[in-house]
Amino acid sequence: MGSKAACPWLDYLLVVVVVLLVAAAGSAAAEAAFDENYAVQWGADGYHLVIRGTEANITMDQSSGAGFRSKSMYGSGFFHMRMKLPSGYTAGVVTTFYLISQPEDGSRDEVDFEFLGDKAGVPVTLQTNVFVNGRGDREQRLHLWFDPAADFHDYKILWNPYQLVMFVDDTPIRVLRNLTATVPGYPFPARQTMLIRASVWDGSGWATDGGRTKVDWSQGPFTAGYRGFDVSGCASNGSATPPCGSPDLWWNGGDYRNITAEQRAAYEDVKKNYMNYDYCADKGRFNNTVPVECNYA
């Protein structure tokens with residue numbers, strides 16, 4: 001009888017322990033609030049950029065778009081942003097997530113996710129580009145295998161001393177190895193720290209059909225959602241060299257120095273089935289040759 005009388009207390013203690021464990025797990029998994037790592041860059045009027053704790057909405061109308069930036073500069077990291085793009089007719093609308101060095105001049109480094117809107121029913125184009133020491137002209141464009149306006153998806157940039165890899169969710173869509181030590185003239189953004197930035201703006205002059213199809217303001221306003229404001233990066237206000245190259249940082253470790261065989265297969269599938277423009281294949285643009293990095297893609 002005595003052991004039975006003790007059971008309710010044991011049950012109560014078990015419930016308390018479970019509740020505490022669940023609360024601890026929930027706290028550990030809590031998303032970062034916008035203000036922890038980011039600040040408004042432009043469009044801070046309470047309408048074009050609306051921040052609700054762990055989510056930010058950028059709205060573009062004929063008067064303005066908006067943008068935000070990280071509070072810190074980074075020298076390496078595995079950066080990400082969860083995004084839901086504007087829906088419907090979005091021709092001319094450019095929605096972005098990117099890294100960029102400062103100042104934004106002719107010697108800048110930059111790594112771009114640019115989502116180029118289109119007419120209703122036509123898939124959005126994802127354009128990526130990499131600038132090194134002010135030189136870009138490295139565009140790759142693809143159509144995604146899902147509707148990026150239907151839900152949030154994770155867009156990621158792994159940038160370390162060994163490689164630059166851009167992901168859509170967990171699928172690599174662009175890979176640039178750092179071969180600067182062995183290949184003369186090989187471009188890799190390794191010497192400058194970079195900000196994280198995001199924005200929605202009017203790209204009518206170039207974004208859709210080469211600029212022939214403009215933003216139709218009667219179809220607006222155009223709103224994009226952003227989440228995922230935690231940052232896995234080496235904050236630095238100086239050079240991107242050590243300590244941001246330290247192997248003690250998890251994104252610089254052995255598992256992140258090359259893509260895996262499975263990731264390589266997924267990447268090749270993207271290039272074969274979803275990519276519709278690759279500067280490496282555009283020999284006419286480069287006097288019947290290709291930039292040096294294209295020989296090692």
Pick from the stretch 148-194, criterion among the basic types (K, R) and open to solvent by 30 Å² or more (accessible area, probe 1.4 Å), ranking: farthest from E104 (Cα to Cα)
R177
Sole residue being touching a residue at least 60 places away in the same chain (Cβ under 8 Å), touching a strand residue (DSSP E or B) at 6+ places or on another chain (Cβ under 7 Å) and of a type in the set (S, T, N, Q), chosen from S101, S87:
S101
Are any residues in the stretch 94-128 closer than 21 Å to D154 by Cβ and open to solvent by 50 Å² or more (accessible area, probe 1.4 Å), and if so, which ones?
P123
Residues satisfying the stated conditions in the stretch 239-282, i.e. hydrophobic (A, V, I, L, M, F, W, C) and within 30 Å of F146 (Cα to Cα)
W251, I259, A261, A265, A266, V270, M275, C280, A281
Is it the case, given these coordinates, that T213 is assigned to a loop (DSSP other than H, G, I, E, B), more than 23 Å from D154 (Cβ to Cβ), among the β-branched types (V, I, T) and open to solvent by 70 Å² or more (accessible area, probe 1.4 Å)?
no
Scanning the stretch 280-297 for residues that are closer than 19 Å to T180 by Cβ and of a type outside the set (V, I, T), which turns out most open to solvent (accessible area, probe 1.4 Å)?
N295
State yes or no: is A207 within 21 Å of the chain's Cα centre (by Cα), in a loop (DSSP other than H, G, I, E, B) and of a type in the set (A, V, I, L, M)?
yes
Does the stretch 232-253 contain at least one residue that is open to solvent by less than 20 Å² (accessible area, probe 1.4 Å) and out of contact with any strand residue (DSSP E or B) (no Cβ under 7 Å at 6 or more places or on another chain)?
yes
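Every residue, every condition in (1) among the hydroxyl-bearing types (S, T, Y); (2) in a loop (DSSP other than H, G, I, E, B); (3) at pLDDT 95 or above, yes or no:
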position	(1), (2), (3)
P172	no, no, yes
T180	yes, yes, yes
V183	no, yes, yes
Y186	yes, yes, yes
R191	no, yes, no
W201	no, no, yes
P243	no, yes, no
N258	no, yes, yes
For the stretch 71-93, which positions are under 16 Å from G220 (Cβ atoms) and crowded, with 21+ Cβ neighbours inside 10 Å?
L85, P86, T90, A91, G92, V93
Members of the stretch 260-279 that are assigned to a helix (DSSP H, G or I) and open to solvent by 30 Å² or more (accessible area, probe 1.4 Å)
A261, E262, Q263, R264, A265, A266, E268, D269, K271, K272, N273
Of all residues in the stretch 129-144 being part of a loop (DSSP other than H, G, I, E, B) and over 15 Å from the mean Cα position of the chain (by Cα), the one that is surrounded by the most Cβ atoms within 10 Å (Cβ to Cβ)
R138
Quick check: is even one residue across the stretch 145-165 part of a strand (DSSP E or B), under 20 Å from F286 (Cα atoms) and at pLDDT 95 or above?
no
Got at least one residue in the stretch 180-193 being within 19 Å of W250 (Cβ to Cβ) and charged (D, E, K, R)?
no
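The values are calculated or read from the model by the stated rules, or taken from the named source; none is laboratory data. None of these values were measured; they are calculated from a predicted model. We place every Cβ from the backbone using ideal geometry, glycine too, and count neighbours over all the protein chains shown. Ligands, DNA and RNA are excluded from the accessible area calculation, which covers all protein heavy atoms including side chains. Shrake-Rupley method; radii C 1.70, N 1.55, O 1.52, S 1.80 Å.
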